[in-house]
1. Sort through A:Val232, A:Val205, A:Val253 and tell me the only one that's aliphatic (A, V, I, L, M), out of contact with any Asp or Glu (no Cβ under 9 Å at 6 or more places or on another chain) and either within 15 Å of A:Asn381 (Cα to Cα) or surrounded by fewer than 16 Cβ atoms within 10 Å (Cβ to Cβ) (or both).
2. So, A:Leu27, is that one on the phi < 0 side of the Ramachandran plot, touching a residue at least 40 places away in the same chain (Cβ under 8 Å) and either in contact with a Leu (Cβ under 8 Å, 6 or more places away or on another chain) or of a type outside the set (S, T, N, Q) (or both) or not?
3. Among the residues of segment A:165-196, write down those that are within 23 Å of the chain's Cα centre (by Cα), assigned to a helix (DSSP H, G or I) and surrounded by fewer than 16 Cβ atoms within 10 Å (Cβ to Cβ).
4. Could you tell me whether segment A:237-253 includes any residue that is part of a strand (DSSP E or B), among the hydroxyl-bearing types (Ser, Thr, Tyr) and either out of contact with any helix residue (DSSP H, G or I) (no Cβ under 6 Å at 6 or more places or on another chain) or under 21 Å from A:Val385 (Cα atoms) (or both)?
5. Which of the numbered conditions does A:Val377 fail, given that it passes all the others? Conditions: (1) free of Cβ contacts under 8 Å to residues at least 12 places away in the same chain; (2) within 16 Å of RNA strand B (Cβ to nearest atom); (3) under 29 Å from the mean Cα position of the chain (by Cα).
6. Restricting the first residue to segment A:108-124 and requiring it to be assigned to a strand (DSSP E or B), which pairs with a second residue that is at pLDDT 95 or above and among the hydroxyl-bearing types (Ser, Thr, Tyr) meet a Cβ separation below 6 Å and a spacing of at least six or different chains?
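The values are calculated or read from the model by the stated rules, or taken from the named source; none is laboratory data. Just so it is clear, the structure is predicted and the values come from calculations on it, not from any experiment. Heads up, the Cβs are rebuilt from the backbone with ideal geometry, glycines too, and the neighbour counts pull from every protein chain shown.
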Amino acid sequence: MLDLKYVVEHLDEVADRLSTRGGRADLEPLKDLAARRRLAVTTRDQARADQKALSDGFRQPGVTPERREGLRAESKAIGERITVLEADVSDIEARLQDVLLNLPNLPHPTTPVGASADDNVEVRAWGTPRTLDFPAKEHWELGEALGILDFEAARKISGARFVVYRGAGARLERALASFMLDMHVARHGYTEILPPVLVNRDCMVGTGQLPKFVEEAYIATDDLYLIPTAEVPVTNLHREEILDGSRLPVKYVAYSPCFRREAGSHGKDVKGMTRVHQFQKVEMVKFTTPETSCDEHEALVRDAEDVLQALGLPYRVMSLCTGDIGFSASKCYDLEVHLPGQGGYREISSCSNFEDYQARRASIRYRPAPGEKPRFVHTINGSGVAIGRTIIAILENYQQADGSVLVPDALRPYMGGIEVIR
RNA sequence: GGAGAGAUGGCCGAGUGGUCGAAGGCGCCUGACUCGAAAUCAGGUGUGGGCAUAGCUCACCGGGGGUUCGAAUCCCUCUCUCUCCGCCA
């Protein structure tokens, strides 16, 4: 959520910056509502002050019954007026909130301006894409032939866009989760979290999934939502809190399943498990000061890159342009891994700096020093990394002519010594 | 699922209709004392909103609603926590 005061005071600048996301932001209604709110609040507060002053009369010694009756009548009249004025304020504030919650974050000045994914900028690349001396297979061919990915079974028990891992496939998933968590905890200094995957509405609003993207979410009964990423429960760990500034940055890493309806992506990535309704992911989340968020964001990207480097998976780092970054993000880097089977790069991690956008929605603040005023933290998060897509990358990068797949060295200790899946 | 108890500031904990944004304690900050520290003493110390912004003012005692001239306090309701019983991985 953007700061209303800032938006109103910098209307043109905000409109310009938001327009780089595509479409145009009409902020006039917001400005109008803000002005109406100011008037309504002032009027209401004055009425309340009047009534308060009146009520002192009841306590004065020697008030006559007639005087009391007069005060009562006068106060009652003001009370009725207050009721009306309060309703007015609530109505305006609800409408204001609705507009504000549906406004995306301001792109960071360093976010490249562009209209679509085609305008994303490659920042750096690591490794050399593998060239195979035999026809490269795609992950589903390899996985099904090896008996480690079962799409047919998944279709029967859940439907399209699900996958069942079997045997070494299931083991690979578990190995990757442990491998990534261990790396981020031991080498990168994150604290491991295992969050609920069912969260309340406030969490979803806090990180920006709701209200705008309700069609993307799986909604359970009791007003609970299946998380689309561990970012949601982990960021909300500190919702409505004031953190001790000396504790920052706070760094968490969590392994969780992620549930996405993928509404609006019909016909996209229908084969295999590139785009499924449930996948698992290791997610890193940081809470930082505004001064350090850019550096911490860069560091988090490096932390994600470490995973791919350790697994020997060639990738490139893309700085997403204004037309492609997520709703809540100010700046975002995607890590795209090279897939010989699909013959191109594919997103495997998305690392975003939300600045104070989520913090304002979720009211996550910190106190720089004892006695100082609280400020909003900056939140940063990124996949470290998506496990399903890592399995895709391993299958396609480590495939051999006979259809078997080598286990990357770094993973072997986690695979019970299995060196090749055949 | 059944029965009961409870939710107050960073923490503990008082407060059962107005003088309460809220006693007291702890913690924290500032000052005095001290070579320095501890102890002691004095003062200060919540969050957000509005405005004519060194100030004034309004709101907030788990959430929502009600009664009342007036609610932390009374009533209803929801949520959560705790205790006991039942069930259960």
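1. Just one listed residue meets the conditions, A:Val232.
2. For A:Leu27, the condition - on the phi < 0 side of the Ramachandran plot, touching a residue at least 40 places away in the same chain (Cβ under 8 Å) and either in contact with a Leu (Cβ under 8 Å, 6 or more places away or on another chain) or of a type outside the set (S, T, N, Q) (or both) - is not met.
3. Hits for segment A:165-196 are A:Ser178, A:Asp182, A:Val185.
4. Yes, segment A:237-253 contains a residue that is part of a strand (DSSP E or B), among the hydroxyl-bearing types (Ser, Thr, Tyr) and either out of contact with any helix residue (DSSP H, G or I) (no Cβ under 6 Å at 6 or more places or on another chain) or under 21 Å from A:Val385 (Cα atoms) (or both).
5. (1)
6. Going by the 6 Å Cβ cut-off, the qualifying pairs are A:Val121/A:Ser319; A:Val123/A:Ser319.
Quick grid of which residues meet (1) at pLDDT below 95; (2) within 25 Å of A:Thr191 (Cα to Cα):
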| site | (1), (2) |
| --- | --- |
| A:Phe354 | no, yes |
| A:Ile364 | yes, yes |
| A:Phe376 | yes, yes |
| A:Ile392 | no, no |
| A:Tyr414 | no, yes |
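Listed here are the residues, each with its yes/no results for (1) of a type in the set (Val, Ile, Thr); (2) under 18 Å from the mean Cα position of the chain (by Cα).
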{"site": "A:Arg247", "(1), (2)": "no, no"}
{"site": "A:Lys281", "(1), (2)": "no, yes"}
{"site": "A:Ser293", "(1), (2)": "no, yes"}
{"site": "A:Ala304", "(1), (2)": "no, yes"}
{"site": "A:Val307", "(1), (2)": "yes, no"}
{"site": "A:Ser319", "(1), (2)": "no, yes"}
